[in-house]
Structures are given as structure tokens and as C-alpha cells.
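Worksheet: one structure, shown below.
A short reminder: the numbers here are calculations on the coordinates, not readings from a lab. The shown structure was predicted, so the numbers you read here are calculated from the model rather than taken from an experiment. With ideal geometry, Cβ positions are generated from the backbone for all residues, glycine too; neighbour counts draw on all protein chains shown.
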Amino acid sequence: MRLLVPPGVYRPQEDTRLLAAALRREGLPRAARVLDVGTGSGVLAIAAARQGAAEVTAVDVCARAVLTARLNGMLARRRIRAVRGDLLSPVAGERFDVVLANPPYLPTPPGRYPPRGAARALDGGRDGRVVLDRLCAEVAAVLRPSGVLLLVHSALCGVGPTLALLTAAGLRPHVMERRVVPLGPMTRSRTDWLRRRGLLAPGQETEELVAIRAQRP
């Protein structure tokens, strides 16, 4: 699709494609309401609209990303409600059939958190889980009964904790797909630190992405 991605807005990468594939496999219920958390360019929100969602809401903490998602929605001739705010706060009290999430998950060296600018779409604190843990704990509140969360992140920040937190929140999670991809530029820039922490093996030039599905009973 024709896509506008200005500086400072997360450009779709392998994690975006993995989540888009998970959405295609999931399918959407009739008259579905979809929420895209951390929308960035809005590409996943547009994908949901193209798959027949009746209503799509896109949220991002970055004002430039919100504007970009709106513009890309217009370019794609798809109606998207894009709003600025912190994680799920802009949609408090609303309920959705499907929530899509590609949160910041890159482990971040000391002194670089909280991030600024484009790094806000990537940096997730020392363990990569600052935003991810909040999302896991809070997302059930915006899911309808039988609603589904589709989530992507790197195995560098741990898969077990994600599954445990989603289970504790009352959801039924499982790993849909694992995909090994080359390290991205930001990850490569901190490989020495990641290796000292034991998160990357010596000579390792790839990481594993996981797509997780979690359903509310």
C-alpha cells in the first residue's frame, strides 16, 4: 500500500509483518471493533479496516504518529479513528473484539530510559518490559467477551513472563508463531551490552520474534 512514514514514526518492519499475518489468520467477526495500540504509521489499523472491521481505533503516544495514521488512512480510503494517548487510557470504558499491539520491547541500557523521539517506539526499559507488562495487565479491560489480543515482541525480553501475565489477567494465551529475523539497526547498536547481560550469545546476529494470541473467556 502507499504509505507515508515521516522521520520519528516507526517504519513497518518484520514485527509489523508478523502481526499483520496473525491478523489475517485470525479473521474478524462481523461488525468487529478493532483497536491498534502503538499504531505508528497506522499500517495495521488500515489492514484491519481492509479486512472488514466496522470500526478501527488507532492509539499512539506520539502526536506525529497519530497524524501519520490519519493521513495514511485517508490515502488508503479507509476510515480510522486515530487518537493520542498513553497506551489504553484514550479508550478507557470502551470494548473491542480484537486488540493489535506491537509495543516497545527492546531492552534499553541504563541512562537511555525514558526514551525520546523515535526511540519511544522501540525502547522498553532495562528488560524491555516497561510498556509490555502494563499492556498485559490492563488489556483485558478493553476486550469484549471472547475478544482477542494479538501481540508481537522479541524473545529477548522473555516469552514466559508475557504468557504468565496474560494468564494472571484472566486471558488464555498461546504463542501463534515464532520467526527468526536479522537484528535490527537499533539492536545491533547495543549488541555488546546485550551480550554482557546474556541476552545475545557471542556472534549471534538474529533474534526471535513471537506472535502471541490471548483470548478473553
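Scoring 99-106, 37-44, 118-125, 189-196 by mean Cβ neighbours within 10 Å over their residues and listing the highest first yields 37-44, 99-106, 118-125, 189-196. The coefficient of translational diffusion for region 1-121, derived via Stokes-Einstein from the alpha carbon Kirkwood radius under 4 °C and 1.567 mPa s, stands at 89 µm²/s. Given their separation in residues at 0.36 nm each and the Cα-Cα distance between them, Arg196 and Ala31 gain 54.5 nm when the chain is fully extended.
Note on region 97-114 and region 169-217: Cα centroid distance 12 Å, given to the nearest whole angstrom. Among beta bridges from DSSP that stay inside the chain, the antiparallel ones total about 45%.
Once every DSSP H run of n ≥ 4 in the chain is given -39500 (n - 2.57) and the sum is divided by its residues, what mean residue ellipticity at 222 nm do you get, rounded to the nearest 500 deg cm²/dmol? List each step's numbers first, then the result.
Working: 7 runs with 62 residues, N = 217.
Estimated from H runs of four or more residues: -8000 deg cm²/dmol.
Across every direction, the projection of the convex hull enclosing the Cα atoms of region 7-56 has a mean area of 3.4 nm². Computed from backbone phi with θ = phi - 60° and the Karplus coefficients 6.51, -1.76 and 1.60, the 3J(HN,Hα) list for region 113-120 is 10, x, x, 10, x, 4, 5, 4 Hz; x is used for glycine and proline.
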